[in-house]
1. All but one of (1) in contact with a Ser or Thr (Cβ under 7 Å, 6 or more places away or on another chain); (2) surrounded by fewer than 11 Cβ atoms within 10 Å (Cβ to Cβ); (3) not polar (S, T, N, Q) hold for G102; state the number of the condition that does not hold.
2. Report the residue count in segment 1-17 for those that are touching a residue at least 12 places away in the same chain (Cβ under 8 Å) and not aliphatic (A, V, I, L, M).
3. What pairs come up if the first residue lies in segment 72-83 and is in a loop (DSSP other than H, G, I, E, B), the second is open to solvent by 30 Å² or more (accessible area, probe 1.4 Å), and their beta carbons are under 7 Å apart, counting only those six or more places apart or on different chains?
4. What's the total number of residues in segment 18-70 that are part of a strand (DSSP E or B) and touching a residue at least 40 places away in the same chain (Cβ under 8 Å)?
5. Condition check: among the aliphatic types (A, V, I, L, M) and part of a loop (DSSP other than H, G, I, E, B). Does V106 satisfy that?
6. State all residues of segment 17-48 that are touching a strand residue (DSSP E or B) at 6+ places or on another chain (Cβ under 9 Å) and either among the hydroxyl-bearing types (S, T, Y) or open to solvent by 50 Å² or more (accessible area, probe 1.4 Å) (or both); if no residue qualifies, say none.
7. So M13 fits all but one of (1) at pLDDT 90 or above; (2) among the hydrophobic types (A, V, I, L, M, F, W, C); (3) in contact with a Leu (Cβ under 6 Å, 6 or more places away or on another chain); what number is the exception?
8. Hey, among G83, G65, G47, which residue is on the phi > 0 side of the Ramachandran plot and either out of contact with any helix residue (DSSP H, G or I) (no Cβ under 6 Å at 6 or more places or on another chain) or basic (K, R) (or both)?
Amino acid sequence: EDRKPLVSQGLQMTPSGSNQFRKDEPALIYLEVYAPALAAPNPPAIGVQLRILDAKSGQEKINTGVMSIAKMVTTGNPVVPVGMKLPIADLAPGSYRIELKGIDAVGRSTALRDTDIIVE
C-alpha cells in the first residue's frame, strides 16, 4: 500500500530481488536525483554519470560521462525519476561495480552511489 511505483518517462519498472543480469537480456536501472535547485526560477541543467568497474581490479569498463536528464525533469519538482538501460551487452561475464552520481551545470553533485552486479 505504501509503495510508490517506479516510473520514469511514462515507463513503470518492477524491482528485481536479484543483482544478476544476463547480457543478452535488457537490464534497467531506476534512480531518483534530488536537486533542490530545480525548484528555483532558473534551474541549472542536470545530468547523471554512470560508471561500470570490474569488481576485482577496479578497472573502468564503461563511463558514460555526464548524460543529460533534462527530458525527465518536471518543472518545479526537485526530484527527478531516472530510468535507463544498463549498457552490459559488451561486458564479459563476471562481477562489476556500478557507480552513479547526479551532477548539475554549476558544479554541484550528489554523493556517489554504488552497487555490485553480476553479468552472466
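1. G102 satisfies every listed condition except (2).
2. Total satisfying the criteria: 3.
3. What qualifies is G76/A39; P78/Y34; P78/P36; P78/A39.
4. Selection size over segment 18-70: 18.
5. yes
6. S18, N19, Q20, R22, K23, P26, L28, Y30, E32, Y34, P43, A45, listed by residue number.
7. Result: M13 passes all but (1).
8. After ruling out the rest, the residue left standing is G65.
The values are calculated or read from the model by the stated rules, or taken from the named source; none is laboratory data. Bear in mind the structure is a predicted one, so any value in this text is a computation, not a measurement. Note that each Cβ is placed from the backbone with ideal geometry, even for glycine, and that neighbours are counted across all protein chains shown. Accessible surface is based on the protein model in full, side chains and every heavy atom, while ligands, DNA and RNA are left aside. Shrake-Rupley method; radii C 1.70, N 1.55, O 1.52, S 1.80 Å.
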